[in-house]
Amino acid sequence: MSQPLALIFPGQGSQQLGMLRELAERYSVVGTTFEEASDALGYDLWKVVQEGPEASLNATACTQPALLSASVAIWRVWQELEGPRPTVMAGHSLGEYSAMVCAGVMSFAEGVNLVRLRGEAMQEAVPAGEGGMAAILGLADDAVEAACEKAAQGDVVSAVNYNSPGQVVVAGSKAAVERAIVACQEAGAKRAMSLPVSVPSHCALMRPAAERLAEAMQAIELRAPRYTVIQNVDAKAHADTTTLRTRLIEQLYQPVRWSACVEAMASQGVEVFIECGPGKVLTGLNKRIVKGSKGLAVNDPDSLNAALELARETLADKA
């Protein structure tokens, strides 16, 4: 059966000071959502999101709950306005947790506490200054993988985000990432540049963080998803909570296969991708992955109305 509508959720890097301010002025559920998050965290998350300082918002243990809360708030507004029911959801990295909360796999409070711990565990897994990430543009996936193998020299470096055709992110120990940049340039990459991040996400250096996450997740009773959720590790949906839990934990040290996730949704008939969160990173990637697909990012009243209109028109055309 054709499934034309997907809701997608962004990951770390999409956060912005002042995000969702206009939506909060119009829809009280936004403020309520951040109040719930603040109660779980023990500090005023909305104040940090609106007033900063930016360094506090960008600290990964704060960024992750902030983005999760923003995405869940947008989903709640969507439901309040009786927006069309999505037939599939997916999130990029941290965004996968937003998808899990919105699909009813875990409660919002459980999600907030889990991603705070996830952020802390990721930060503590690799001492500051010892890890790195780099974006590689204009080089085939297998060529990036070969460059990482060449550059490793006993250290960790691997492809960790397959974001779109010709856009791959690598991560690992700082020296190995620097060698991988050179190897990718030598292999013909259009651009290879280090990223200003402190945590080398989704590589083998994150295994200690995954162990802490696994321990924390044992205390949470996951529920079967109310919506299909495509997971990052294998670009598949899992209805059984045991596999779903395993894939969430593996995601910390396995690559995010975003291109494959979007292709999987498109193969189910998805034509419209609505990005719930600040920025429009995924919307841009998706248009490169699936030519002719439509997408809008929702982060203020105007974009919300445009997305609702697009989703309703698409479903009406299918009726």
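Read the figures in this text as sums done on the coordinates, not as results from a lab. For clarity, every value in this text was computed on a predicted model and none was experimentally measured. All Cβ positions, even for glycine, are placed from backbone atoms using ideal geometry, and neighbour counts span all protein chains on display.
Take every DSSP beta bridge whose two residues both sit in the chain, then give the antiparallel share in percent to the nearest 5.
50
Provide 258, 78 in ascending order of the number of other Cβ atoms located within 10 Å of each residue's Cβ, fewest first.
Details: 258 27, 78 22.
Going from sparsest to densest Cβ surroundings: 78, 258.
Computed extension gain for residue 28 through residue 182, at 0.36 nm per residue and net of the alpha carbon distance, reaches 50.4 nm.
For the chain, dividing the convex hull volume of the Cα atoms by the residue count gives 121 Å³ per residue. Of the residues 254, 185, 153, the one that moves most in a GNM of the chain with alpha-carbon contacts below 10 Å is 153. Comparing 93, 68, 270 along the charge dipole axis of the chain, the residue lying farthest to the positive side is 270, per the Cβ-charge model.
What residue among 214, 99, 70 has the largest mean-square fluctuation in a Gaussian network model of the chain, using Cα springs under 10 Å? Most flexible of the set in this elastic network: 214.
Between residue 47 and residue 149, full extension at 0.36 nm per residue minus the direct alpha carbon distance yields a gain of 32.3 nm.
With each label modelled as a point 7 angstrom along the Cα→C-beta vector, the residue 204-residue 21 pair spans 4.6 nm.
Mind listing which trypsin sites (Lys or Arg not before Pro) in the range 158-216 are in a DSSP loop and have 14 or fewer other Cβ atoms within 10 Å? Please list the in-between numbers first.
Numbers: sites: 174, 179, 190, 191, 212; in loops: 190.
Taking the range 158-216 and a limit of 14 other Cβ atoms within 10 Å, the loop trypsin sites (Lys or Arg not before Pro) found are 190.
The aspartates and glutamates whose alpha-carbon is closer than 15 Å to the alpha-carbon of residue 318, local same-chain residues fewer than 8 away aside, are 271, 309. Of all the options 280, 291, 236, the one that moves most in a Gaussian network model of the chain with Cα springs shorter than 10 angstrom is 291. Where only DSSP H runs of four or more residues are counted, the chain gives -15500 deg cm²/dmol as its mean residue ellipticity at 222 nm, each run worth -39500 (n - 2.57).
For the cross-link pairs 150/280; 190/291; 150/287; 47/294; 236/291, which exceed 24 Å when the distance is taken from alpha carbon to alpha carbon? It would help to have the intermediate numbers written out before the result.
Values: 150/280 34 Å; 190/291 22 Å; 150/287 32 Å; 47/294 34 Å; 236/291 21 Å.
With Cα atoms farther than 24 Å apart: 150/280; 150/287; 47/294.
For the chain, the longest principal axis of the Cα atoms and the long axis of helix 141-152 meet at an angle of about 50 degrees.
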